[in-house]
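Values quoted throughout were computed directly from the atomic coordinates according to the rules given, and no laboratory measurement underlies them. On a predicted model such as this, the values are computed, not experimentally measured, just so you know. Note that each Cβ is placed from the backbone with ideal geometry, even for glycine, and that neighbours are counted across all protein chains shown.
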Amino acid sequence: MRLRLVLLTAALVALSTGAAAQNPPRDRGHGGSPAGEAQPLRPGRPADDPVAMVPDSDREMQAAIAEARRTLPSFWSLYESDRQVRSSARLKVGFPTPGDGREHMWLHDIRRADGVITGVLENIPEAPMTVRKGDTVTIDAAEISDWGYERAGRLHGNFTTRALLKYLQPELADQLRALLSERPLEGTEI
């Protein structure tokens, strides 16, 4: 799997001004760098949707995705029982790209009923694909690579965002660290 991760910096500003539930920061992924090294945030993207490349071999990112998938049942339990979680819920999903890759992008306005999961695409796809930012999409649960929600100005979940911090400019990484909850899953040691 190749990862391209994105952080919405405009959302970071929204969180710092108290509008976290509307636009929490997000990352997404697709395509590793040819040299196998992380690439900096890519120029030419809209300011609220920059891209950072992460190598396929990044074990911390692989572990973050595995942990997000392992804890997904806990997220769904919170989603079903907690209105705040449901209203701010986000899912990161891998969409197929040319060359058997995946572009991992965030969805908001999540709906789950009768085994069907839908959400609104939050990012601008980098790779050629048929979905666009703002489209409502139906997803396969097996393609979920992360989850998140906001409570009291803190971001919970966001396992891949935490793994992305080492690739960000120090100032941006510090701002994000200040917004991330101490533990991804409330009430646990995780």
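From the alpha carbon centroid of the range 134-162 to that of the range 53-103 is 6 Å. Among Asp140, Asp146, a tally of other beta-carbon atoms within 10 Å of each Cβ gives an order, fewest to most, of Asp140, Asp146. Here the range 57-190 is assigned +1 on the Cβ of each Lys and Arg and -1 on the Cβ of each Asp and Glu. Its dipole about the Cα centre then comes out at about 180 debye.
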